[in-house]
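Novice: This structure is in structure tokens; I'll ask about it shortly.
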Amino acid sequence: MTHSIEEHQGYRHVGHVLGVDLDMTTVVGPVLRRAVADGEPVVVACPEAVAAAVLATLEGVGDVYVAPTDPLDDRPPAALAAIAELVDARAPGEGRRLHLVTGPGGPHTDPAVWMQTEALLNHVLAERPVDHICLLGPLGAGPAAGTGPVVDVDAVVHATHPWLLTEVGTVRNPAYRPPAELLREVQRASVPDPLEETEPTLSVVDMEDMRALRRALTRVLADSSLSADAAQDFVLAIDEVTANASEHGIPPVDVRLWCTPERLLCAVTDRGAAFDDPLVGYGPAHGDMAVGGMGLWLARRSVDSLTAAPADDSGDGCTVRLVVHA
């Protein structure tokens, strides 16, 4: 049974798993042709072959903009910001809606990271008047076709998209889960990190001097597998999180760093309460920069993953974990 989505005025995240023949003409095409007929703009940000198939369904008519995909393939916080900037730049105004088509693709092969990105789109773009058709690879493929672990695409689609585009039209998705709920579950599954069972490369207990910490981090990361720029970004992220722990948490603040050729992990622990909002630091900007939100926003853009959890099983303290894939 199809449902009208006209009453939903904000962001409409519509998921669609592409078949092996891309099924653009029969499924995606009618939705976009209807938008063009209504005089509403269409933005296509897809890999070249998929973009060509999308454009073919429009027969070269209407207000269609093909956007570069490189910014959308960055780390999740940067990719989310790039999508928001793209939407704002092409917003039609005057009560009309923008129609955005993205995917499939992206370099991230970690299913948890991919699911979090899809979930966060519903938060970051919540107030934008956008119909977003999110194309995903065939069932069983990873977010980047042919790479990484096998991922149940269907499960990701149903967990992160309030709407589904099917052969019978756009339908409500009863399996959709709110971003905060889903992110809490994904993050709990990754705690503690296996690296924490090993000896840390650097350990600073009861940190008192931020400048000394930055110097120590810089020295250690100079011998790591990170580039100089990536190391500097990682130090910035750790600095922001440590400053938040010092200002908003309860001392002492401990900083531990693990470095391997493949991955780097930093755990910042204080004795205050763990913050329970996995959306903080992602936007939207208004109302999101209190209680360390600006620092977390800066830190998220410099690492591949940033999560917060109680420091121990009793729920005491807070540990923020920052991960960079080398």
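The values are calculated or read from the model by the stated rules, or taken from the named source; none is laboratory data. Remember, it's a predicted structure, so these values are computed and weren't measured experimentally. Positions of Cβ are backbone-derived with ideal geometry, glycine not excepted, and every protein chain shown enters the neighbour counts. Remember, those area values only see protein heavy atoms, side chains included, never the ligands or the DNA or RNA. Shrake-Rupley method; radii C 1.70, N 1.55, O 1.52, S 1.80 Å.
Novice: List pairs: first in region 39-66 and farther than 13 Å from Gly29 by Cβ, second among the aromatic types (Phe, Trp, Tyr) and open to solvent by 70 Å² or more (accessible area, probe 1.4 Å), Cβ under 8 Å, 6+ apart or cross-chain?
Specialist: Close Cβ pairs (under 8 Å, with a partner that is among the aromatic types (Phe, Trp, Tyr) and open to solvent by 70 Å² or more (accessible area, probe 1.4 Å)) amount to Pro41/Tyr65; Val43/Tyr65.
Novice: Contact list please: Cβ distance under 9 Å, first residue in region 84-97 and closer than 16 Å to Ile133 by Cα, second residue assigned to a loop (DSSP other than H, G, I, E, B) and open to solvent by 80 Å² or more (accessible area, probe 1.4 Å), pairs at least six apart or on different chains.
Specialist: Pairs that qualify, where the first residue is closer than 16 Å to Ile133 by Cα and the partner is assigned to a loop (DSSP other than H, G, I, E, B) and open to solvent by 80 Å² or more (accessible area, probe 1.4 Å), are Arg97/Gln9; Arg97/Asp38.
Novice: Shifting gears a bit: With (1) within 19 Å of Arg300 (Cα to Cα); (2) buried (at least 18 other Cβ atoms within 10 Å of the Cβ); (3) under 23 Å from the mean Cα position of the chain (by Cα) as the list, and Asp229 as the residue in question, which single condition is left unmet?
Specialist: Tallying (1) within 19 Å of Arg300 (Cα to Cα); (2) buried (at least 18 other Cβ atoms within 10 Å of the Cβ); (3) under 23 Å from the mean Cα position of the chain (by Cα), Asp229 fails exactly one: (2).
Novice: Can you tell me how many residues within region 207-226 are open to solvent by 70 Å² or more (accessible area, probe 1.4 Å) and over 29 Å from the mean Cα position of the chain (by Cα)?
Specialist: First, pick out the residues of region 207-226 that are open to solvent by 70 Å² or more (accessible area, probe 1.4 Å): 208, 211, 214-215, 218-219, 222-223.
Narrowing further to those that are over 29 Å from the mean Cα position of the chain (by Cα): 208, 211, 215, 219, 223.
Result for region 207-226: 5.
Novice: Scan region 225-235 and give yes if some residue there is assigned to a strand (DSSP E or B), more than 23 Å from Asp312 (Cβ to Cβ) and at pLDDT 95 or above, otherwise no.
Specialist: No, region 225-235 has no match at all.
Novice: I would also like to ask the following. Given the structure, is Ala267 buried (at least 19 other Cβ atoms within 10 Å of the Cβ), under 28 Å from the mean Cα position of the chain (by Cα) and modelled with pLDDT of 95 or more? Step through it out loud before you land on a result.
Specialist: Values: buried (at least 19 other Cβ atoms within 10 Å of the Cβ): yes; under 28 Å from the mean Cα position of the chain (by Cα): yes; modelled with pLDDT of 95 or more: yes.
Criteria met by Ala267.
Novice: Identify, from the list Val54, Val66, the residue that is at pLDDT 90 or above and open to solvent by less than 50 Å² (accessible area, probe 1.4 Å).
Specialist: Being at pLDDT 90 or above and open to solvent by less than 50 Å² (accessible area, probe 1.4 Å) holds for just one of Val54, Val66, which is Val54.
Novice: Quick check on region 153-186: of everything there that is hydroxyl-bearing (Ser, Thr, Tyr) and within 21 Å of Val124 (Cα to Cα), which residue is least open to solvent (accessible area, probe 1.4 Å)?
Specialist: Among residues in region 153-186 that are hydroxyl-bearing (Ser, Thr, Tyr) and within 21 Å of Val124 (Cα to Cα), the one least open to solvent (accessible area, probe 1.4 Å) is Thr160.
Novice: Determine, yes or no, whether Phe275 is assigned to a loop (DSSP other than H, G, I, E, B) and surrounded by 15 or more Cβ atoms within 10 Å (Cβ to Cβ).
Specialist: Considered against the rule, which asks whether it is assigned to a loop (DSSP other than H, G, I, E, B) and surrounded by 15 or more Cβ atoms within 10 Å (Cβ to Cβ), Phe275 comes out as yes.
Novice: Cβ-Cβ below 9 Å, separation at least six or inter-chain, first residue in region 182-202 and free of Cβ contacts under 8 Å to residues at least 40 places away in the same chain, second surrounded by 11 or more Cβ atoms within 10 Å (Cβ to Cβ): which pairs?
Specialist: Listed pairs, sorted by first residue: Glu185/Arg177; Pro192/Ala267; Pro192/Ala309; Pro192/Thr319; Pro192/Arg321; Glu199/Trp258.
Novice: Further, regarding this structure: Could you give every pair whose Cβ atoms fall below 7 Å, whose first residue belongs to region 209-234 and is more than 22 Å from Asp254 (Cβ to Cβ), and whose second residue is surrounded by fewer than 17 Cβ atoms within 10 Å (Cβ to Cβ) and among the charged types (D, E, K, R), counting only separations of at least 6 or pairs across chains?
Specialist: The qualifying pairs do not exist here.
Novice: Filter region 113-140 for residues that are of a type in the set (Val, Ile, Thr) and within 9 Å of the chain's Cα centre (by Cα); which is modelled with the lowest pLDDT?
Specialist: My answer is Val113.
Novice: So the check is Cβ under 8 Å with 6+ separation or different chains; which pairs have a first residue in region 148-177 that's closer than 13 Å to His16 by Cα and at pLDDT below 90 and a second one that's of a type in the set (D, E, K, R) and buried (at least 19 other Cβ atoms within 10 Å of the Cβ)?
Specialist: Cβ pairs passing all conditions: Val156/Glu118.
Novice: Now for a separate question. Mind checking which residues of region 187-206 are open to solvent by less than 80 Å² (accessible area, probe 1.4 Å) and among the aliphatic types (A, V, I, L, M)?
Specialist: Correct list: Val191, Leu195, Leu202, Val204.
Novice: Could you please tell me which pairs satisfy a Cβ distance under 8 Å, a separation of 6+ or placement on different chains, a first residue in region 292-311 that is within 18 Å of Val191 (Cα to Cα), and a second residue that is open to solvent by 40 Å² or more (accessible area, probe 1.4 Å) and aliphatic (A, V, I, L, M)?
Specialist: Thr307/Val191; Ala309/Val191
Novice: Please state which one of Val255, Val171, Val268, Val220 is farther than 22 Å from Asp316 by Cα, assigned to a strand (DSSP E or B) and β-branched (Val, Ile, Thr).
Specialist: Val171
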